[in-house]
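Have a look at the structure below before the remarks.
The values are calculated or read from the model by the stated rules, or taken from the named source; none is laboratory data. Just so it is clear, the structure is predicted and the values come from calculations on it, not from any experiment. Using ideal geometry, Cβ is built from the backbone for each residue, glycine included, and neighbour counts are taken over all protein chains shown. Note: accessible area is taken over every heavy atom of the protein model, side chains too, but ligands, DNA and RNA are not part of it. Shrake-Rupley method; radii C 1.70, N 1.55, O 1.52, S 1.80 Å.
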Amino acid sequence: MNKTLLAEFTAREGAEDEVARLIRDYAKKVREEDGNLAFDVYTKASDPRAYWIFEVYRDEDAFQAHLKAPYGGPFNAALVPLIEEDASVLTFLDPVA
């Protein structure tokens, strides 16, 4: 079964360009992961500082491999001081049959 989630965070005022650069670079790497099926980055139309990232992994093992990727820790460490939240807020999703 696919592992699907929504990651949300809000860029701090003045950090918008740096957050956009970080997430673009990170997205390129994640999309190359063997088990990644989708990594779609959006901003809210009404608030371009608010990011929503829709992620789909082949299964739990692929998601765990994503979490262990060597570029994930540095990305999160660079992102945290640039966003309003303490970290990305993750919401795990289940399909409706």
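Looking at the stretch 44-66, I want the residues that are in contact (Cβ under 8 Å) with a residue 60 or more places away in the chain and have a partner that is of a type in the set (Phe, Trp, Tyr) and open to solvent by less than 40 Å² (accessible area, probe 1.4 Å) with Cβ atoms under 9 Å, at least 6 apart or on another chain. Which pairs are those?
63/57
Collect the residues in the stretch 1-21 that are in contact with a Ser or Thr (Cβ under 8 Å, 6 or more places away or on another chain) and open to solvent by 30 Å² or more (accessible area, probe 1.4 Å), keeping them in residue-number order.
6, 8
Please enumerate the residues belonging to the stretch 40-69 that are open to solvent by less than 100 Å² (accessible area, probe 1.4 Å), in a strand (DSSP E or B) and not hydroxyl-bearing (Ser, Thr, Tyr).
Of everything in the stretch 40-69, those that are open to solvent by less than 100 Å² (accessible area, probe 1.4 Å), in a strand (DSSP E or B) and not hydroxyl-bearing (Ser, Thr, Tyr) turn out to be 40, 41, 44, 47, 48, 49, 50, 53, 54, 55, 56.
Counting only residues that are in contact with a helix residue (DSSP H, G or I) (Cβ under 7 Å, 6 or more places away or on another chain) and assigned to a helix (DSSP H, G or I), which one in the stretch 75-94 is least open to solvent (accessible area, probe 1.4 Å)?
Filtering first and then ranking leaves 79.
Out of all the residues in the stretch 1-51, which are out of contact with any strand residue (DSSP E or B) (no Cβ under 7 Å at 6 or more places or on another chain) and among the hydrophobic types (A, V, I, L, M, F, W, C)?
1, 15, 20, 22, 45
For the stretch 22-39, which positions are of a type in the set (D, E, K, R), over 20 Å from residue 64 (Cα atoms) and either open to solvent by less than 100 Å² (accessible area, probe 1.4 Å) or part of a strand (DSSP E or B) (or both)?
Residues of the stretch 22-39 of a type in the set (D, E, K, R): 24-25, 28-29, 31-34.
If we keep only those that are over 20 Å from residue 64 (Cα atoms) too, we end up with 24-25.
Scanning the stretch 22-39 gives a single hit, 25.
Would it be correct to say that residue 72 is open to solvent by less than 90 Å² (accessible area, probe 1.4 Å) and more than 30 Å from residue 14 (Cβ to Cβ)? Let's see the steps before the verdict.
Numbers: open to solvent by less than 90 Å² (accessible area, probe 1.4 Å): yes; more than 30 Å from residue 14 (Cβ to Cβ): no.
The answer is no for residue 72.
Find all pairs meeting these conditions: Cβ atoms under 7 angstrom apart; at least six residues apart or on different chains; first residue within the stretch 19-32 and modelled with pLDDT of 95 or more; second residue basic (Lys, Arg) and in a loop (DSSP other than H, G, I, E, B).
Cβ pairs passing all conditions: none.
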